[in-house]
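The values are calculated or read from the model by the stated rules, or taken from the named source; none is laboratory data. Just so it is clear, the model here is predicted, and its values are computed rather than measured. Positions of Cβ are generated from backbone atoms using ideal geometry, with glycine treated the same way; all protein chains shown enter the neighbour counts. Areas reflect the complete protein model, heavy atoms only, side chains present, ligands, DNA and RNA absent. Shrake-Rupley method; radii C 1.70, N 1.55, O 1.52, S 1.80 Å.
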Amino acid sequence: MHGIPLFDVKKQLSLLRPEIDRRIAEVIDSGVFINGPQVREFEARLAEFAGCAHAVGVSSGTHALQIALMAEAIGPGDAVFLPAFTYTATAEVPLLLGATPVFADVDTDTFNLSVADLERRIALVKQDGRLRPRAVIGADLFGLPADWPAIEAICAREGMLALDDAAQSFGAELDGRRIGHHGHATTLSFFPTKTLGAFGDAGALLTDDGERAEIYRKIRSHGERARYEVERIGVNGRIDTIQATILSAKMTLLEAELVERRRIAAVYDAILEGRVGLQRAQPGAVNAYGLYTIRLPDIAVRATVQAALSAQCIGFGVYYPKPMHRQLAYARIHQDAISGGPPALPNSEALCSQVLSLPMNPYMSEGDAERVAAIVGAAA
């Protein structure tokens with residue numbers, strides 16, 4: 001019986017290898033490895049696919065988050081609200097800028113930011129008076145959009161930046177529009193295993209705001225408005241020309257790959273419904289399935305399922321085994337963010353002991369998905 005990896009990028013590469021080789025050779029022959037014309041080509045394709053006005057390529061999803069916050073001059077004394085159930089990149093960026101991350105709980109059905117708990121923590125920070133509420137970073141976890149209409153309404157009322165961390169959700173939809181329109185800006189990661197993956201680190205910012213897009217372009221290139229004319233503090237955050245041209249080639253398959261991801265997810269859903277907890281989409285949301293993640297009763301059952309999958313050489317992942325507020329780097333900051341200590345984050349803590357991600361890629365067969373689901377269902 002053949003193994004099934006959690007991620008598999010080899011099939012896609014076999015389909016695109018001649019075109020990617022040609023594109024890479026073109027860049028090498030030109031010698032323009034930074035800000036080549038292929039960067040502008042990729043940005044145009046990206047904006048067209050998302051249906052937004054502007055796309056700005058950068059060196060990673062983490063740099064995309066940092067640039068978005070730097071553009072708003074977010075720093076010391078500012079509170080940035082984000083889910084506790086997420087990856088460290090979302091949390092580390094506010095700290096790098098001197099701001100304070102304030103962790104909010106998530107919803108147990110969508111796994112995304114709980115709007116009710118977000119409201120609660122904003123009120124507590126305002127009451128405490130030591131920090132200024134400045135931004136909300138909502139992560140579209142595993143490919144499912146967060147409740148952006150509600151988050152946008154809160155941010156508009158409070159005068160805060162609404163930033164969509166769509167590292168796992170490029171290609172997802174909400175209310176008939178692809179991710180890239182919600183909030184003031186959207187950040188993307190093109191880590192190799194994402195729905196659109198580079199051959200290394202790369203990322204982008206999407207926005208309909210032309211002024212913000214221009215600021216992002218300056219910040220990504222050391223804050224320069226022209227060569228050696230430094231207008232603002234910036235970073236070395238440009239996307240490499242080779243990564244941009246690889247991503248342009250991969251975009252030719254993205255639409256079809258999203259259809260296939262949803263096909264595999266439907267197979268999983270049909271077999272696992274009622275046997276395990278499934279990530280539930282809110283009305284109007286269409287999952288991109290960057291990951292297919294289930295919820296098991298507890299860590300012991302999860303270990304049993306993991307053992308059953310391992311015995312059949314089937315890959316899996318735990319995203320994430322520990323919430324941000326329990327991480328050593330953030331624990332003290334979390335406790336100090338609100339006087340007297342912040343409220344508990346029970347949903348984030350529970351999910352960390354329950355979630356399990358199953359193999360998901362657009363080139364899996366339905367038979368493979370059925371096999372994985374049958375093993376999970378029997379072991380759970």
- Task: Please label the shape of region 103-257 as rounded, prolate or oblate, based on the square roots a ≥ b ≥ c of the eigenvalues of the alpha-carbon gyration tensor (a/c under 1.5 means rounded; beyond that, a/b larger than b/c means prolate, else oblate).
- Result: oblate
- Per residue accessible area in Å² of the chain, where ligands, DNA and RNA are left out and the probe is 1.4 Å: 39 Å²
- Query: Where the only charges are on Cβ atoms (+1 Lys, Arg; -1 Asp, Glu), what is the dipole of the chain about its Cα centre, to the nearest 20 debye?
  - Reply: 540 debye
- Using +1 at the Cβ of each Lys and Arg and -1 at the Cβ of each Asp and Glu in region 36-107, identify which of Val58, Val80, Pro101 lies farthest towards the dipole's positive end. Val58
- Task: Return the calculated 222 nm mean residue ellipticity for the chain, to the nearest 500 deg cm²/dmol, obtained by summing -39500 (n - 2.57) across DSSP H runs with n ≥ 4 and dividing by the residue count.
- Result: -13500 deg cm²/dmol
- Query: How much of the accessible area of the chain, probe 1.4 Å, is carbon plus sulfur, in whole percent?
  - Reply: 53 percent
- Long-range amide H contacts for Ile4: which residues qualify at under 5 Å (H placed 1.01 Å from N, peptide plane, sequence gap of 5 or more or a different chain)? Ile314, Gly315
- Accessible surface of Arg130 - all protein chains present, 1.4 Å probe, nearest 10 Å²: 130 Å²
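Defining a contact as two alpha carbons under 8 Å apart and six or more residues distant in sequence, what relative contact order in percent does the chain show?
Once normalised by length, the contact order is 23 percent.
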- Message: From Cα pairs below 8 angstrom and at least 6 apart in sequence, can you work out the relative contact order of region 191-297, rounded to a whole percent?
- Response: 22 percent
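List nothing, just return the count: lysine pairs in the chain, 8 or more apart or interchain, with Cα separation under 25 Å.
Total qualifying Lys-Lys pairs in the chain comes to 6.
How many percent of DSSP beta bridges within the chain run antiparallel, rounded to 5?
Roughly 60 percent of the beta bridges in the chain run antiparallel, per DSSP.
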